[in-house]
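Here is the structure we will look at.
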Amino acid sequence: MSLPVRCIALLSVTLTSVFCANAQQKPAPMEKTIAIRAGHLFDGKSDKLLDNVVIVIKGDTIVSVIPGGAPPPGAEVIDLSKTTVLPGLIDTHTHVLLNGDITAEDYDKQLLKESIPYRAILGARNARIALENGFTAIRDLETEGAMYADVDVKNAVARGEVPGPRMQVATRAMTPTGMYPLLGYSWELRVPTGVQYVDGVDGARKAVREQAMYGADWIKYYSDRQYHFEADGVLHSMVNFTDEEARAIVDEAHRLGKKVAAHAIGSDGISAALRAGVDTIEHGDGLTEAQMDEMARRGIYWVPTIIVGAYVAPGRGGNWPKMVDLEKAAFQKALKKGVKIAMGTDAGGFDWKEINQAREFQYYAEYGMSPAQAIRTGTSVAAELLGWPDKLGTVEAGKWADLVAVSGDPLKDITELQRVKFVMKAGVVYKNDLR
């Protein structure tokens, strides 16, 4: 009798396990289908607007873009027929952990009087501001003393805990010891620094590995400081790293599959960064024509961050007002030479609550770009810089459903981008002021 009893017990346990397993296997939820009626569409590929377009979205992905089309049966329809729809905007130079630093006092106060957790809370707020301004993706280029809190903000956004744009982050920028604030305090005090101090070739490689370990998508370093004009009329600067150190940073980053952004304002710092093999030049006020030619030939991106220079120049004085004019001339030359210009604002260098990042587009148009060219710096060109050209930057089938809408025609009035009315990221509507 014992064998059948065991068999029956075993069969009972097996059937119970199968039943429970099947009970836990719920059917996957159906992906929601949305159809957007766009009165006009700037798809990021053409210089002209398309009229009366239906954009069909399934889940987080665009599945079709049909001029004169009709919404599929059962789709949720969003009526943007009185607007111009564009790809989600991209800012390739931000600091969500910073909130304005015209003066050294502005900067020091944040590092000395605000805890990293408090700054991270403000960082999440700033990420939301960026999204509501229409920026569905950003590259955040260092935490300015807040260690790896940008990774935390990025993860919180990615996990849906807080609203914000897609983020690529650089964690802690690098300089040699003593070449970046906080500076000037008593040697008896141990004060925080805005960067990671890195010395020597071995130290450079170790710092890159450490930042990658903690979640850096990009590596950033400060190529120069102390910007000044000399008799030749060129904006010069003091180079921070030796060529061997800078090359070690870039080589190790590339070996680990990371790209490198260099803060380089003066011509000397720009030359040093180009020798090191960086992927992007940030700011670049002192670009010479020879450097522009080299960047165009090698496909190195320039992120000019015009808005922040114009913002801080009056308060900083010295050479800064002249540097704004110099960058305008450089921009116009670089445009003619075919340098890849990507939109970046240095938001955080100005207060996030004070200026809309999209003001940068207006500068580009004022400096000689057509509105369509200006928009592409913050859509398709920026997507290429991020390594996401197959997912972002244009409105077409297979791309992420990251879209914005404005009331007017941005090809006639670029300032429309400063008044975004509708924001969708990954098929989810985060803002709709058109209802």
Given (1) 27.6; (2) 23.2; (3) 21.8, which label gives Kirkwood radius over Cα pairs in Å as computed from the coordinates? (2)
Quick one: putting +1 on the C-beta of Lys and Arg, -1 on the C-beta of Asp and Glu, what dipole do you get for the chain around its Cα centre, in Debye to the nearest 20? 1540 debye
So in the range 223-374, what percent of DSSP beta bridges are antiparallel if you round to the nearest 5? 30 percent
Of the candidates G184, G393, G368, which one comes out as most mobile in a Gaussian network treatment of the chain with C-alpha springs shorter than 10 Å? G184
Once normalised by the length of the chain, the mean sequence separation of its alpha carbon contacts under 8 Å that are 6 or more apart gives a contact order in percent of 18 percent
Beta bridges per DSSP with both ends in the range 89-357, % antiparallel, nearest 5: 15 percent
Rounded to whole Å, sorted largest first: equivalent-ellipsoid semi-axes of the range 191-348, Cα gyration tensor: 26, 18, 15
Residue order, fewest to most beta carbons within 10 Å, for R119, R359: R359, R119
Per DSSP H run of n ≥ 4, the term is -39500 (n - 2.57); total these for the chain, divide by its residue number, and report the mean residue ellipticity at 222 nm rounded to 500 deg cm²/dmol. -11500 deg cm²/dmol
Largest fluctuation, E416, E360, E188 only, Gaussian network model of the chain with Cα springs under 10 angstrom, belongs to E188
Using only Cα atoms and rounding to the nearest 10 degrees, what angle (0 to 90) does helix 243-255 make with the longest principal axis of the chain? 10 degrees
Out of R298, R128, R139, any idea which swings most in a Gaussian network model of the chain, alpha carbons joined below 10 Å? R298
Roughly how far apart, in whole Å, are the Cα centres of the range 325-345 and the range 259-319? 10 Å
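No value in this document is a laboratory result; all are computed from the given coordinates. Because the structure is predicted, anything quoted here is derived from the model rather than measured. Cβ atoms come from the backbone with ideal geometry, glycine included; neighbour counts cover every protein chain shown.
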